[in-house]
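Every number in this text was worked out from the coordinates using simple rules, so none of it is lab data. Just so it is clear, the structure is predicted and the values come from calculations on it, not from any experiment. Cβ placement follows ideal geometry from the backbone for every residue including glycine, while neighbour counts extend to all protein chains displayed.
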Ligand code: PMP
């Protein structure tokens, strides 16, 4: 059974007149919020006040709720006792924060297959000469990914601090990456590793200690919470030593004017260091609520159901002539509910528009903010991406498969 999400009763107009129930099959971009998350937010909304900034009862309540949300996220991710959970705006924000916190001279290792959020923060630091980056070609198997990384790490000169950035599951192919093996390779070569779990966390349990990664980043809006909150969780030492990500109130222990009259600032070295400004308590509460709901539902059960739907979807696509599904690691790779494909003779944008306009099915087309990966898989053009999750009823997958078949038979 799907978990109840918002938008189940939304109906949308289709060509020829009339309305159909909307089939949201673009979870990889933003998933609908769980009904339970929305209810939790609504229940708290009348009580919210400023966090860490007020003596009033509601401020105390909000501060407690914010800190409890942090503890819930830490438990959800299996954090180690000395890990920090920083609330950010999104995965993009989390990875930019980490990029800004790298110790001087850290070399970053990253596969070209990453989402731009996990490519460009390092690229920008590389441009300014602050952070050398080793760009790794798309591997075609898990073993090749590990070998490629090991070879590159071993060859680095000088053998200084290093960070590996890798995705847990691709936002283009849905394929799961061998995170534990890559983390072992990184650590064997004295490097650290950050996991971009934006696509993995909504589908599989992500345990920071068990995977033995140093940091994890994810976004609330892909994890069945509304927009506006993300997480960077992991090792405290680099974060504690770094310049504060944002300069402002809440991140400082004291500010005095020095002899020259300029402000002399003493920054916190706790998690508050990187959370300047009034925090998004509703967002943190929503993320924590989603973490609780998913943990209670149980990822094993959720993943088992997702596997059944994914098999149906992939078999359905395979049966349609002229449909090619994009894949790095091949048929047998473990994957989550994200599939990108091209249809012979169709522009992807026209195909996605027909799914929407004629069948009320919402998918995405394009290069999915992962241009180098799509270019490694597809010499030209763009693809259509269909993605789903815990709120998806079987009927949406059936309607999608039927629609693809009908559109291809009918032609452009
Ligand atoms: N990484 C991956 C793998 C993603 O799929 C996305 C979002 N498409 C991001 C990072 C960035 O997430 P956000 O837009 O929430 O910052």
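For residue 297 and residue 270, FRET efficiency with R0 = 41 Å and r from the beta-carbon atoms, rounded to 0.05?
The calculated FRET efficiency here is 0.80.
Could you order the peptides 29-35, 149-155 from most to least packed, using the average number of other C-beta atoms within 10 Å per residue?
Highest to lowest by the protection proxy: 29-35, 149-155.
Helix 91-100 sits at what angle to the longest principal axis of the chain, using alpha carbons and giving 0 to 90 degrees rounded to 10?
Compared with the principal axis, the helix lies near 40 degrees.
Between residue 318 and residue 80, with labels modelled 7 Å along Cα→Cβ, what's the label distance in nm to one decimal, could you check?
Output for this residue pair reads 4.1 nm.
Ranking request for peptides 3-15, 107-119, 272-284, 338-350: highest mean number of other beta-carbon atoms within 10 Å first, then the rest in descending order.
Most protected by this proxy first, the peptides run 107-119, 272-284, 338-350, 3-15.
Run through the DSSP bridge list for the chain and note the antiparallel percent, rounded to the nearest 5.
65 percent
Provide the gained length on full extension for the span residue 241 to residue 8, in nm with one decimal, where the gain is 0.36 nm per separating residue minus the Cα-Cα distance.
Using 0.36 nm per residue and subtracting the Cα-Cα distance, I get 79.3 nm.
Normalised by the residues of region 27-142, what does the relative contact order come to in percent, with Cα pairs under 8 Å and at least six apart?
Reported as a whole number, the value is 15 percent.
Does the chain classify as rounded, prolate or oblate by the C-alpha gyration tensor (a ≥ b ≥ c root eigenvalues; a/c under 1.5 gives rounded; else a/b over b/c gives prolate, otherwise oblate)?
Verdict is oblate for the chain.
What order do you get for 22-28, 229-235 when each peptide is scored by the mean count of other beta carbon atoms within 10 Å, highest first?
Ranked by mean Cβ neighbours within 10 Å, highest first: 229-235, 22-28.
Angle, helix 281-297 long axis vs. longest principal axis of the chain, Cα atoms, 0 to 90°, nearest 10?
60 degrees
Roughly how many Å is it from the Cα centre of region 312-353 to that of region 196-264, as a whole number?
36 Å
Can you pull the one-decimal nm distance between simple spin-label points at residue 254 and residue 64, each 7 Å off the Cα toward Cβ?
With each label point 7 Å from Cα toward Cβ, the separation is 3.1 nm.
Suppose R0 equals 35 Å. What FRET efficiency, 1/(1 + (r/R0)^6) with r the Cβ-Cβ distance, do residue 325 and residue 19 give to the nearest 0.05?
My answer for the efficiency is 0.70.
Add -39500 (n - 2.57) for each DSSP H run of 4 or more in the chain, then divide by its residues: what number comes out at 222 nm, to the nearest 500 deg cm²/dmol?
Helix contribution divided over all residues of the chain: -11500 deg cm²/dmol.
If one takes the longest principal axis of the Cα atoms in the chain, at what angle in degrees, from 0 to 90 and to the nearest 10, does the Cα axis of helix 35-44 lie?
Helix 35-44 and the main axis of the chain meet at about 30 degrees.
With the calculation restricted to Cα positions, what are the radius of gyration and Dmax of region 162-276 in angstrom?
Radius of gyration, then largest Cα-Cα span, for region 162-276: 17.7, 58 Å.
Any idea what the relative contact order of the chain is, in percent, if you count C-alpha pairs under 8 Å spaced at least 6 apart?
The value is 23 percent.
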